[in-house]
Amino acid sequence: MRDRFTRKSRTTRGSIPKHMRREVYRRDDRVCVYCGVECRAEELTIDHLIPLALDGLDEMTNWATCCRACNERKAAQPLEEFLDSLAMPVEELPVYGDPVIDNPAIPKQLRLLRRRIFDRIRRGKLAVSGKDAQKKLEKVYRRDLWETADGKLLEAEFPSLPGQVRAVIPEIRSIAKSKREFLLLVELAKSALTRSLIGSVLTGDIDVEARVRSMRKRERQHAMRKRLAQALRRFERAVRVTPPE
């Protein structure tokens with residue numbers, strides 16, 4: 001999800017690419033999330049958990065494998081209403097495609113915090129919809145995070161950092177292999193544009209600094225190139241004043 005912090009969410013039905021359909025079916029083991037039946041090829045469909053007619057998004061976190069019979073039965077019912085008819089708790093539905101929940105290196109309690117936000121959305125208790133849905137989700141996540149012990153520790157440890165940067169420190173820690181990488185990722189987190197690279201383009205299995213410097217030279221988008229250059233300048237200043245590990 002390269003543009004996690006800047007992208008516009010899909011709010012109207014589009015054609016789901018074949019490779020993404022295959023990913024959803026593989027992810028769900030070709031089993032209907034509602035009735036638990038393994039589907040034959042001709043029975044496979046993708047359901048929008050929250051119907052598009054009720055402000056659901058046409059994105060991975062709102063897609064689930066569904067047999068044709070359950071899809072037709074559910075139609076445009078509110079998700080919670082349909083689940084009630086099945087005596088199925090909303091917590092039993094998986095959440096896929098979210099970069100925090102999908103990252104096992106992030107502390108479990110933070111992944112559960114994020115998961116509970118999706119549960120509230122799916123129950124209709126939290127309105128996170130529209131083109132700016134991702135931005136709203138991140139805002140709710142930060143607000144909830146600051147109420148937890150983990151959030152308070154982050155605030156005490158990094159009092160000078162903006163809240164949107166502190167909120168991604170757990171993700172940064174899951175990637176950084178050295179103090180240099182940590183400092184660089186923190187500087188990248190200060191802009192929404194470059195913050196979107198964390199955990200997507202910039203992951204723990206690459207040389208983060210080398211990748212950022214390469215992108216700075218080759219990136220065609222002027223705004224991204226500018227933000228990368230600014231982050232690198234701040235990083236170089238930070239390295240000069242930071243004691244070595």
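The numbers here are math on the coordinates, done by the rules we state, and not lab data. Just so we're clear, the structure is a prediction, and the values are computed from it rather than from any experiment. With ideal geometry, Cβ positions are generated from the backbone for all residues, glycine too; neighbour counts draw on all protein chains shown.
Before moving on, here are some points about what is shown:
- Two-site FRET efficiency, R13 against V241, from Cβ-Cβ distance with R₀ of 41 Å, rounded to 0.05: 0.20
- Cα-based equivalent ellipsoid, the chain: semi-axes from gyration tensor eigenvalues, Å: 37, 20, 16
- Using a Förster distance of 25 Å, the FRET efficiency for Y96-T148 (Cβ separation, nearest 0.05): 0.60
- Restricted to Cα atoms, the stretch 9-148 shows a radius of gyration and a Dmax of 14.9, 47 angstrom.
- Chain lengthening between K190 and Q77 when straightened (0.36 nm per residue, less Cα-Cα): 36.6 nm
- GNM flexibility winner over the chain from V165, V212, V37 (Cα, springs under 10 Å): V37
- Note on the stretch 17-80: Kirkwood radius taken over Cα pairs, Stokes-Einstein applied at 25 °C and 0.890 mPa s, translational D equal to 210 µm² s⁻¹.
- Computed helical MRE - 222 nm, the chain, DSSP H runs ≥ 4 contributing -39500 (n - 2.57), nearest 500: -14000 deg cm²/dmol
- Fluctuation leader among E157, E171, E59 - the chain, Gaussian network, Cα springs under 10 angstrom: E157
- Inter-part distance where the stretch 201-218 and the stretch 124-191 are each reduced to a Cα centre, Å: 21 Å
- A simple spin-label model places the labels of R233 and A53 5.4 nm from each other, with each point 7 Å out along Cα-to-Cβ.
- Candidates D205, D150, D102: whichever shows maximal mean-square fluctuation once the chain is modelled as a Gaussian network with Cα springs under 10 Å: D205
- Sites Q109 and R216 - FRET efficiency at Förster radius 35 Å, r taken between beta-carbons, to 0.05: 0.45
- Over all directions, the projected convex hull of the C-alpha atoms in the stretch 145-204 averages 3.9 nm² in area.
- Rel. contact order, % - alpha carbon contacts under 8 angstrom, at least six apart, the stretch 18-122: 22 percent
- Length-normalised contact order for the stretch 96-245 - Cα pairs under 8 Å, 6+ apart - percent: 17 percent
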